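Written out below as structure tokens is the structure these notes cover.
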Amino acid sequence: GSQVDLTTVPAGTYTMVLNTAGFLPLEKTGVTITTGNRTDVEVELTAAAELHLTFTNTEATQDLLATATLRYFDAQGNELTRHSSPFDAWSPPPATESPLLRARYIGPNVAQVKVKIQGFIELVVNVEFEAGKKIQKQETLVAG
């Protein structure tokens, strides 16, 4: 691990929320800060999974994929909110040989990712969470 010192937190009881690139968001309730004392809080972060989709279609350019809409669903079909990290923008994805769509930081409750790209039928991709896993799939888009 690493250690972070926050010196300007006023006394009180807080819920600590951690969002960091590459890990699932974490909340720890009941963190009590007292004036003049050090409060140590130990947490364990879980590495998120990432979905990397490539496409067999020659018309699937990186610019086209950049306009895609992604929605996340659990095993019961309920839509989930994807938590994003402000650090996402600081680490641009590496260049790839073929056009790639990324669904970043998938948590354990995500069972499906639905991808809608203009001019194509919505694609449903089943996923299975494993901490830190890069889920790589190749798909074919169907016009529609």
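Give me the 1.4 Å probe accessible area per residue for region 9-81, excluding ligands and nucleic acids, in Å².
With all protein chains present, region 9-81 gives 64 Å² per residue.
What the Cα convex hull of the chain gives, in volume per residue, is 137 Å³.
For Met16, neighbours were defined as the other residues whose beta-carbon sits under 10 Å from its Cβ, and their charges (Lys and Arg +1, Asp and Glu -1) total 0. Annotation: lysines with alpha-carbon distance below 25 angstrom to Lys137 (same-chain offsets under eight excluded): Lys114, Lys116. Charging the Cβ of each Asp and Glu at -1 and of each Lys and Arg at +1, and nothing else, the dipole of the chain about its Cα centre rounds to 120 debye. Can you give the FRET efficiency for Leu6 and Asp63, using 1/(1 + (r/R0)^6), R0 = 41 Å, r = Cβ-Cβ distance, to the nearest 0.05? The pair Leu6/Asp63 has a calculated efficiency of 0.50.
A cut-off of 5 Å between modelled amide H atoms, ignoring neighbours fewer than 5 places along the same chain, links Phe23 with Ala48.
Hey, what's the per residue convex hull volume over the C-alpha atoms of region 1-55, in cubic angstrom?
101
Cα centroid separation, region 44-72 to region 1-28: 29 Å.
With θ taken as phi - 60° and the Karplus curve 6.51 cos²θ - 1.76 cosθ + 1.60 applied, the whole-hertz 3J(HN,Hα) list for region 58-74 is 6, 7, 7, 8, 4, 5, 5, 5, 5, 8, 5, 10, 10, 10, 10, 9, 8 Hz, x standing for glycine and proline.
Listed values for region 108-116 are Karplus-derived 3J(HN,Hα) couplings in whole Hz (6.51 cos²θ - 1.76 cosθ + 1.60, θ = phi - 60°), namely x, 8, 8, 10, 9, 10, 9, 10, 10, and x replaces Gly and Pro. Secondary-structure-derived ellipticity at 222 nm for the chain, considering helices only, amounts to -500 deg cm²/dmol, per-run term -39500 (n - 2.57) for DSSP H runs with n ≥ 4.
Length gained on full extension, Glu42 to Val124: 25.7 nm, using 0.36 nm per residue less the C-alpha separation. Cross-link partners for Lys134 among the aspartates and glutamates, with Cα-Cα distance under 15 Å and sequence neighbours closer than 8 places in the same chain left out: Glu50. Ranking Thr20, Ala68, Gly132 by Cα position along the charge dipole of the chain, where only Lys, Arg, Asp and Glu carry charges on their C-beta atoms, puts Ala68 farthest toward the positive end.
The values are calculated or read from the model by the stated rules, or taken from the named source; none is laboratory data. Values in this document were obtained by computation on a predicted structure and should not be read as measured data. Glycine also receives a Cβ, built like all others from the backbone with ideal geometry; neighbour counts cover every protein chain displayed. Just so you know, the surface numbers come from the protein's heavy atoms only, side chains and all, with ligands and any DNA or RNA stripped out. Shrake-Rupley method; radii C 1.70, N 1.55, O 1.52, S 1.80 Å.
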